[in-house]
Amino acid sequence: MNAYEVNFDGLVGPTHNYSGLSFGNVASTSNTKAVSNPKLAAKQGLAKMKALHDLGFKQGVLAPHERPDVASLRRLGFSGTDGEVVARAAKEAPAILAAASSASCMWTANAATVSPSGDTADKRVHFTPANLNNKFHRSIEHPTTRRLLQAMFADEQHFMVHEALPAQMHFGDEGAANHTRFCAEYDAAGVEFFVFGAAAFDGRYPAPQRFPARQTLEACQAVARLHGLSESGVVYAQQDPATIDAGVFHNDVISVGNRNVLFHHEKSFLEQGRVLEELSRKLAAVGGQFVPVEVPDAEVSVAEAVKSYLFNSQLLSKPDGSMIIVVPEECRNVERVWSYLQKMSSSGGPINEIRVFDLKQSMQNGGGPACLRLRVAMSASEIAAVNQGVLMNDELFATLNAWVERHYRDRLSADDLADPLLLDECRTALDELTRIMRLGSVYPFQLA
């Protein structure tokens, strides 16, 4: 192959904790105040990265952010030394300190939307960091995310890293969690599939009533314009509002795509038949044959899909064209979900192998295999232009495991976020990490 899909997984940060910050994410809110294990969380993520690398898939790493985010706390009026800022926030506004300490950047499906060079007008790979403006703890991520992406994809001949969209509700953008690309081959022209929860300027579209619609149609359209995508290579679809209200806060909790296959639930989209027909027609126009794999509600309910994170999985293409589905251990624990997976993998369809990973630390905060990775389709020459320090290999895996062992705690509670030593521990760890991954100065404390 001359082109590959590289999965860049988020490395879990030292402040991984359960503060229940993500309203609309059932797993996140239901595990509020539980005690986390940042060291185990990071090692579980690294184990998945290494296992997929060992299977022959291209794998990269996206570094965590500096937390707590002292700059954000200062913008909210907390003053003094950095330690005094954290102490005052802990005393006066512990909920705000928890938000400023979140390790949510580990879910790199929300880091950015990516368009490969086969789709873009200037034939470069385009990245738009997500503004994530629906949740304060995530809205503070995009400046550091952009610096990290620029350090990873610095060659402007091959890559373009945009600024995030305006951080305002009308352009709410949650990144690749609501975006999928279909193609015959990774380096061929494809069809980019944008899924939104509501329209900000057009009252004709329905909206969920219980939980927020985090992605707008207008954000999807803006990203498509920034990336230079053609109208014939884009499909927009609205997620079913009732499904959002059932806890499907992102499209990647109810569907996942790869190459020409869309694995999705019967209740994923409004006007689902029309959406599938448009995808099929537009993919056929660029030489692909669209293959939808629809899971009936009678076999797996939306509630069971949310509980197991069946669709928050990874679809990975093997050299022979067949696909592996990577699912969390929780799928084994929901009988009808596991039964469906067994039936699907033996049916002769495109998805014929199941790989199960223990990602409990991430899952308890509402993020499965798909949340942990950002997909970047690239040619061999584009991969060669990537900062090689972020690409997984045996040496990097061993180095990062040892780094986690040195710097991470194995227990973190909500009360521990007030510990002034935690900020110093995080900065010491990240300063070393930037050298390991050849990132340069990307964190606020390095830029001060």
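Taking the centroid of alpha carbons for each part, the stretch 417-431 and the stretch 360-404 are 23 Å apart.
For the cross-link pairs LYS43/LYS91; LYS135/LYS267; LYS33/LYS91; LYS91/LYS135, which exceed 28 Å when the distance is taken from alpha carbon to alpha carbon? Over 28 Å apart, Cα to Cα: LYS43/LYS91.
Pairs of C-alpha atoms in the stretch 149-270 farther apart than 17 Å represent 59 percent of all such pairs.
Return the percentage of antiparallel bridges among DSSP beta bridges fully within the chain, rounded to the nearest 5 %. Taking every DSSP beta bridge with both residues in the chain, the antiparallel ones total about 50 percent.
Expressed as a whole percent, the proportion of Cα-Cα pairs in the stretch 394-448 lying more than 18 Å apart is 41%. Between the helical axis of 142-152 and the longest alpha-carbon principal axis of the chain there is an angle of about 70 degrees. Other residues lying with their Cβ under 12 Å from the Cβ of PRO166 contribute a combined charge of -3, Lys and Arg counting +1, Asp and Glu -1.
Rounded to the nearest 500, what is the chain's calculated 222 nm mean residue ellipticity when only DSSP H runs of at least 4 contribute -39500 (n - 2.57) each, over all residues?
After summing the helix terms and dividing by the residues of the chain, the value is -9500 deg cm²/dmol.
Our summary gives the chain a relative contact order of 23 percent, counting only alpha carbon pairs under 8 angstrom and 6 or more residues apart.
The simple spin-label model puts a point 7 Å past each Cα toward its Cβ; for SER413 and GLU353 those points are separated by 4.4 nm.
Our summary of shape: the Cα atoms of the chain have principal axis extents of 60, 46, 42 Å, ordered from largest down, in whole angstrom.
Expressed in units of 2.2 N^0.38 Å, where N is the residue count, the Cα radius of gyration of the stretch 70-143 is 1.48. An oblate overall shape is assigned to the stretch 344-403, the ratio a/c of its alpha-carbon gyration tensor axes (a ≥ b ≥ c) being 1.5 or greater and a/b not exceeding b/c.
Full extension from VAL35 to GLU271: what is 0.36 nm times the residue separation minus their Cα-Cα distance, to one decimal in nm?
Extra length from VAL35 to GLU271 when fully extended: 80.7 nm.
With the highest mean first, a sort of the peptides 212-223, 403-414 on other beta-carbon atoms found within 10 angstrom per residue produces 212-223, 403-414.
Taking Lys and Arg as +1 and Asp and Glu as -1, the other residues whose beta-carbon sits under 11 Å from that of ASN2 total -3.
Given a 1.4 angstrom probe, I'd like the percentage of the accessible area of the chain that is carbon and sulfur, rounded to a whole number.
Values: 8380 of 16590 Å².
Roughly 51 percent, rounded to a whole number.
Neighbours of GLU405, meaning other residues whose beta-carbon lies under 9 angstrom from its beta-carbon, give a summed charge of +3 when Lys and Arg score +1 and Asp and Glu score -1. Once the convex hull of all Cα atoms in the stretch 220-313 is built, its volume per residue stands at 102 Å³.
Sorted on the mean count of surrounding Cβ atoms within 10 Å across their residues, most packed first, peptides 98-107, 112-121, 232-241, 432-441 read 98-107, 112-121, 232-241, 432-441. Size descriptor for the stretch 280-408, Kirkwood hydrodynamic radius: 17.3 Å (Cα pairs only, one decimal). Scattering from the stretch 299-354 was approximated by placing one identical point on each alpha carbon and applying the Debye formula without solvent; log10 I(q)/I(0) at 0.15, 0.27 1/Å stands at -0.40, -1.09. Label-to-label distance for LEU55 and ALA285 is 3.4 nm, based on points extended 7 Å past Cα in the beta-carbon direction. Just how much of MET160 is accessible, in Å², when a 1.4 Å probe is used and the result is rounded to the nearest 10? Estimated to the nearest 10 Å², MET160 gives 60 Å². Each peptide in 127-136, 197-206, 250-259, 148-157 receives the mean, over its residues, of other Cβ atoms within 10 Å, and ordering these scores from highest gives 250-259, 127-136, 148-157, 197-206.
The values are calculated or read from the model by the stated rules, or taken from the named source; none is laboratory data. Treat the numbers as computed from the prediction; the structure is a model and nothing was measured. Note that each Cβ is placed from the backbone with ideal geometry, even for glycine, and that neighbours are counted across all protein chains shown. Areas reflect the complete protein model, heavy atoms only, side chains present, ligands, DNA and RNA absent. Shrake-Rupley method; radii C 1.70, N 1.55, O 1.52, S 1.80 Å.
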